[in-house]
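Trainee: Pasting a structure below so you can have a look.
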Amino acid sequence: MASDVERVLEQHRSAGSRFVAGGVGSFVRREGDGEPVVLVHGLPSSSFLYRKVSRHLADLGLQPVAFDLPGLGYADRPEDFDYTFDGLGRFAVEAVDALGLDRFHLVVHDAGGPVGFRLASAMPARVRSLTVLNTVVTLDAVPFPMEVYARLVGDRPWRALPPAPVFRKMFRAVGVRDQDAVTDAEIDAWLALVRGDDEGRAYLRIMRNLRRTPGLDLRSVVDTRVTPYPVQVVWGAHDRVLPLRKQGWQVLELSGLPALHAVPGRHYLQEDCAPAVATLVAGLAGRQPVE
């Protein structure tokens, strides 16, 4: 199994390159040559999350751009970085500039929602469209279970990140509905990219800092009655982390849209619903009709 995981990680690494933004080194996967689509990941993921969606977006004539946020994936993990939504949002702003992106479509997911929303609020005129995947717009309470656990274990990541067999079971339970869509080696690669060279300490810092952005309210970024760009909400209908009937309907209501697009996935819909997600993103970008 170890060789399979190493092969998956090498395929991922060789598909991207290094860049620096705001003094922090990171990793980006970029393919195609159409209009850029910035893909913002959440927790505990990385640009690896979007590898399947990126492939389909490139086939549809777009240029997917997925970069690692500090503390995750192949990005640097400086101890003194501001691992809050504000700090990660500032990095996202610096990243699109460092990558030479003028105008771009934006896709956000999970805790990457507030990060991407900060990016959109900082440069709304540069956003061509916004696709919202299973995330939160307001944050009166932190809905991510690992946030509480991260505060309990302190700086002892080995107590928070389970061994591979346990992580696989957890991932399959909450992450994907189609169990054949992702291999054990790919799930193990997820875990390796969370652990990195600091055994996951930066990831725990991010989780502990989620509450350091009190009163998070970025509804104007998704409110189609005021945004200068089109917005759509796409949800994994079987999500157990951010359920459709709670967070999904809330985001829909705040957006002012008449309906959302529900796809038959769970929280990581990029893994088992990649073609559907890419088609919807391309549709909003004007590259593919949306049904």
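The values are calculated or read from the model by the stated rules, or taken from the named source; none is laboratory data. Since this is a predicted model, take the numbers as computed values, not measurements. No Cβ is skipped: glycine too gets one built from the backbone with ideal geometry, and neighbour counts run over all protein chains shown.
Trainee: Which pairs have Cβ atoms under 6 Å, sit 6 or more apart or on different chains, and link a residue in the stretch 1-22 that is in contact (Cβ under 8 Å) with a residue 60 or more places away in the chain to one that is among the aliphatic types (A, V, I, L, M) and not in a helix (DSSP H, G or I)?
Mentor: Note: pairs meeting the criteria are Phe19/Val28.
Trainee: So which of Asp80, Asp76 is free of Cβ contacts under 8 Å to residues at least 12 places away in the same chain and more than 26 Å from Leu257 (Cβ to Cβ)? Break it down stepwise before answering.
Mentor: Numbers: Asp76 fails: free of Cβ contacts under 8 Å to residues at least 12 places away in the same chain.
Just a single option satisfies the conditions, and that option is Asp80.
Trainee: Something else about it: From Ser47, Ser121, which residue is without any contact (Cβ under 8 Å) to a residue 60 or more places away in the chain and of a type in the set (Ser, Thr, Tyr)?
Mentor: Among Ser47, Ser121, only Ser47 is without any contact (Cβ under 8 Å) to a residue 60 or more places away in the chain and of a type in the set (Ser, Thr, Tyr).
Residues checked against (1) modelled with pLDDT under 95; (2) within 28 Å of Phe167 (Cβ to Cβ):
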| site | (1), (2) |
| --- | --- |
| Met1 | yes, yes |
| Glu6 | no, yes |
| Arg13 | no, yes |
| Gly16 | no, yes |
| Ala21 | no, no |
| Asp33 | yes, no |
| Pro36 | no, no |
| Val40 | no, yes |
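Trainee: Would you point out the residue of the stretch 82-109, among those that are modelled with pLDDT under 95 and not in a helix (DSSP H, G or I), that is farthest from Val277 (Cα to Cα)?
Mentor: Among them, the one singled out is Asp82.
Trainee: Hey, another quick one. Step by step: first the residues of the stretch 9-51, then only those that are of a type in the set (S, T, N, Q) and not in a loop (DSSP other than H, G, I, E, B), then the one that is nearest to the chain's Cα centre (by Cα). Which residue is that? Break it down stepwise before answering.
Mentor: Restricting attention to the stretch 9-51, the residues satisfying the condition of being of a type in the set (S, T, N, Q) are 11, 14, 17, 26, 45-47.
Next cut, not in a loop (DSSP other than H, G, I, E, B) only: 11, 14, 17, 26, 47.
Details: Gln11: 20, Ser14: 20, Ser17: 18, Ser26: 15, Ser47: 8 Å.
My answer is Ser47.
One line per residue, one yes/no per condition, for (1) in contact with a strand residue (DSSP E or B) (Cβ under 8 Å, 6 or more places away or on another chain); (2) surrounded by fewer than 20 Cβ atoms within 10 Å (Cβ to Cβ):
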| residue | (1), (2) |
| --- | --- |
| Leu9 | no, yes |
| Gly22 | no, yes |
| Leu49 | yes, no |
| Val53 | yes, no |
| Phe67 | yes, no |
| Gly89 | no, no |
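Trainee: Pick out the one residue from Gly265, Gly248, Gly200, Gly236 that is more than 24 Å from Val37 (Cα to Cα), under 20 Å from the mean Cα position of the chain (by Cα) and not polar (S, T, N, Q). Spell out the reasoning first.
Mentor: Numbers: Gly265 fails: more than 24 Å from Val37 (Cα to Cα); Gly248 fails: more than 24 Å from Val37 (Cα to Cα); Gly236 fails: more than 24 Å from Val37 (Cα to Cα).
Only one candidate qualifies: Gly200.
Trainee: Next up: Restricting attention to the stretch 197-254, and to residues there that are surrounded by 21 or more Cβ atoms within 10 Å (Cβ to Cβ) and assigned to a loop (DSSP other than H, G, I, E, B), which single residue is modelled with the highest pLDDT?
Mentor: Here the answer is Asp239.
Trainee: So Asp184 clears everything in (1) closer than 20 Å to His12 by Cβ; (2) out of contact with any Phe, Trp or Tyr (no Cβ under 9 Å at 6 or more places or on another chain); (3) of a type outside the set (Ser, Thr, Tyr); (4) buried (at least 20 other Cβ atoms within 10 Å of the Cβ) except one condition, right? Which one?
Mentor: (4) is the only condition that Asp184 fails.
Trainee: Which of the residues belonging to the stretch 29-63 are of a type in the set (S, T, N, Q) and in contact with a Pro (Cβ under 8 Å, 6 or more places away or on another chain)?
Mentor: First pass over the stretch 29-63, keeping only residues of a type in the set (S, T, N, Q): 45-47, 54, 63.
Listed by number, the residues that qualify are Ser54, Gln63.
Trainee: All but one of (1) under 20 Å from the mean Cα position of the chain (by Cα); (2) in a helix (DSSP H, G or I); (3) modelled with pLDDT under 95 hold for Leu152; state the number of the condition that does not hold.
Mentor: (1)
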